[in-house]
Amino acid sequence: MKSRVRAIVALCAVALAALAAGTARARSTSAEFAPGAKWVELITIDGSINPAVADYIEASLASAEAGGARALVIELDTPGGLLTSAQRIVKDLLNSRVPVIVYVAPSGASATSAGTFITVAANIAAMAPGTTIGAAHPVEGTGQEISGAMGEKVENYAASFAMTIAQRRGRNQQWVEQAVRKSVSIGEREALEKHVVDIVASNLDGLLHQASGRKVEIDGKEITLDLDGAAVRRAAMTVGQRVLNTLADPNLVYLLLMAGMLGLYFEFSHPGVFLPGVAGAICLLLALASFQVLPINLTGLLLIMLGIGLLVAEVFVTSYGILGLGGVIAFVIGSLFLIDSSETNIVVNRSIVFGAAAGMTSIILGVGYLVARDRLRTAQTGREALIGAVGAVREAIAPGAPGKLFVHGELWRAVGAEPIAPGQAARITAVSGLELTVERVG
């Protein structure tokens with residue numbers, strides 16, 4: 001036992017050391033510069049906007065300011081994300097003491113939805129050739145417009161938020177409003193013509209060259225950028241930020257939730273297996289941890305749990321399919337509304353939802369069928385297995401004179417209402433203690 005404890009402690013120490021080393025490597029940069037050197041800090045955001053990305057940008061701003069960077073360059077490619085995280089990032093950019101350049105790159109990238117707000121909030125907004133910006137209209141979990149008073153409220157807030165940012169940075173307020181209200185999206189050339197962005201550059205060196213000499217306002221003062229030929233220092237996410245950023249993927253969260261519930265179901269239906277229960281608990285805890293990152297709709301989560309409960313109940317209750325059908329419907333509806341769309345445009349992929357619904361239903365009903373079949377199967381041992389079995393008479397059986405019957409590899413005392421000679425077959429009709437009542441076969 002002591003050796004096992006020592007081994008566990010050693011493994012934990014190694015894991016903590018590796019985590020600390022990974023964090024240190026993530027926070028470290030590719031180069032260090034002497035005081036007064038001309039350099040910029042570069043970070044890359046490729047994915048949804050979430051709390052981990054907000055932490056990443058905050059830490060990078062602090063690092064750039066502390067190290068004396070001439071600017072922070074954010075290379076951006078995002079489909080959107082959480083409105084709360086976008087608000088936090090915009091607030092940091094508008095109050096930054098370091099010039100911030102948001103560069104929508106590489107070619108094929110986009111600054112969609114929340115990415116539009118972040119790009120417009122930068123001191124210098126730039127795009128690479130073949131990129132797009134816009135489509136910032138808020139939508140509901142099914143991808144459709146939010147209807148009614150709530151839809152109007154969310155749209156008006158998002159539009160005013162975007163216009164305020166554009167006004168603060170001196171950019172095209174009318175286009176930004178259209179991007180929110182009508183989901184307008186444009187390419188880099190049109191964005192430059194409409195004064196949505198300031199620069200179109202094919203690479204980072206070209207961006208820094210074009211940005212040099214431009215005037216930006218920092219902390220209430222106007223400064224002139226001097227970035228041409230500046231060295232670049234890359235800053236990566238820490239291990240914790242990368243994990244949190246991964247858990248912000250709604251598709252992954254949904255699959256973890258399904259795996260967790262399925263693992264616990266297997267453990268409860270087959271106690272003592274352990275592996276499904278342990279794996280399910282880990283998946284469920286990871287899913288719950290991601291709930292701190294993504295805005296989860298409580299109604300959707302409860303519908304999913306209700307759906308799984310009804311599917312399990314279908315196995316044990318004769319409902320002629322009503323519970324199973326209700327379970328599938330509740331499961332699918334809950335999955336569609338799992339992510340609160342009033343705060344993000346990121347939703348669970350529909351193919352994953354319907355695939356998980358079909359898979360979960362098939363697995364639970366399949367396991368239920370196997371359990372029901374085993375329960376209805378004829379007993380193979382004990383008293384129930386003996387009744388109806390046919391054995392060979394070893395000693396003659398006559399009324400009032402017990403004989404011997406060989407059945408299931410055992411020799412039993414047997415009585416009968418009619419004579420049965422040795423070698424003949426006899427069927428067991430009753431069991432009384434260690435004595436069998438038999439009848440002749442044929």
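The values are calculated or read from the model by the stated rules, or taken from the named source; none is laboratory data. Keep in mind it's a predicted model, so treat the numbers as computed, not measured. As a convention, Cβ positions derive from the backbone with ideal geometry for all residues, glycine included, and neighbour counts pool all protein chains shown.
Of note:
- Yes/no for V120 being modelled with pLDDT of 95 or more, touching a helix residue (DSSP H, G or I) at 6+ places or on another chain (Cβ under 7 Å) and closer than 14 Å to L42 by Cα: no
- Filter result (in a helix (DSSP H, G or I) and either farther than 18 Å from G80 by Cα or without any contact (Cβ under 8 Å) to a residue 60 or more places away in the chain (or both)) within the stretch 114-130: F117, A121
- Residues of the stretch 317-337 that turn out to be touching a Ser or Thr at 6+ places or on another chain (Cβ under 9 Å) and either closer than 26 Å to A158 by Cα or modelled with pLDDT under 65 (or both), as a count: 2
- Just one residue in the set A231, A248 is of a type in the set (G, A, S), in contact with a strand residue (DSSP E or B) (Cβ under 6 Å, 6 or more places away or on another chain) and either within 30 Å of G300 (Cβ to Cβ) or at pLDDT 85 or above (or both); that residue is A231.
- Qualifying residue in the stretch 252-260 (condition: assigned to a helix (DSSP H, G or I), at pLDDT 80 or above and under 25 Å from I74 (Cβ atoms)): yes
- Subset of the stretch 193-207 [over 18 Å from A121 (Cα atoms) and either surrounded by 15 or more Cβ atoms within 10 Å (Cβ to Cβ) or among the polar types (S, T, N, Q) (or both)]: A201, S202, N203, L204
- Scope the stretch 27-67; condition of a type in the set (S, T, Y), under 23 Å from D205 (Cα atoms) and at pLDDT 90 or above; matching residues: T44, S60, S63
- Residue identified as buried (at least 18 other Cβ atoms within 10 Å of the Cβ), modelled with pLDDT of 85 or more and closer than 15 Å to G442 by Cβ among V393, V407: V393
- Test for H195: is it in the same structural domain as P51 (by TED's automatic domain parsing) and assigned to a loop (DSSP other than H, G, I, E, B): yes
- Among the candidates V90, V104, V120, V53, the residue that is over 18 Å from M237 (Cβ atoms) and in contact with a Gly (Cβ under 8 Å, 6 or more places away or on another chain) is uniquely V104.
Here is a yes/no grid of residues against (1) assigned to a helix (DSSP H, G or I); (2) hydroxyl-bearing (S, T, Y); (3) modelled with pLDDT under 85; (4) over 30 Å from L82 (Cβ atoms):
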site: I308; (1), (2), (3), (4): yes, no, yes, no
site: V315; (1), (2), (3), (4): yes, no, yes, yes
site: S342; (1), (2), (3), (4): no, yes, yes, no
site: T378; (1), (2), (3), (4): no, yes, yes, yes
site: G388; (1), (2), (3), (4): no, no, yes, yes
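- Condition check for E188: closer than 30 Å to K38 by Cβ, assigned by TED's automatic domain parsing to the domain that holds A128 and not hydroxyl-bearing (S, T, Y): yes
- All of V216, V239, V232, V273 fail the test of being out of contact with any Leu (no Cβ under 7 Å at 6 or more places or on another chain) and of a type in the set (V, I, T), apart from V273.
- Taking each residue of the stretch 204-216 that is more than 10 Å from D228 (Cβ to Cβ) and outside any helix (DSSP H, G or I) and looking for partners that are among the acidic types (D, E) and at pLDDT below 95 with beta-carbon atoms closer than 6 Å, six or more apart or interchain, yields K215/E222.
- Filtered residues of the stretch 67-86 (kept if farther than 18 Å from I124 by Cβ and of a type in the set (A, V, I, L, M, F, W, C)): L82, L83, A86
- Within the option set G240, G229, G272, being of a type outside the set (S, T, Y), without any contact (Cβ under 8 Å) to a residue 24 or more places away in the chain, out of contact with any Cys (no Cβ under 7 Å at 6 or more places or on another chain) and surrounded by fewer than 19 Cβ atoms within 10 Å (Cβ to Cβ) holds for one residue only, G272.
Rundown of residues vs (1) without any contact (Cβ under 8 Å) to a residue 12 or more places away in the chain; (2) within 26 Å of H209 (Cβ to Cβ); (3) of a type in the set (V, I, T); (4) in a loop (DSSP other than H, G, I, E, B), yes/no style:
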| site | (1), (2), (3), (4) |
| --- | --- |
| A69 | no, yes, no, yes |
| I74 | no, yes, yes, no |
| D77 | no, yes, no, no |
| A86 | no, no, no, no |
| I89 | no, no, yes, no |
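- Test result for A105, buried (at least 23 other Cβ atoms within 10 Å of the Cβ) and either more than 20 Å from I223 (Cα to Cα) or of a type in the set (D, E) (or both): yes
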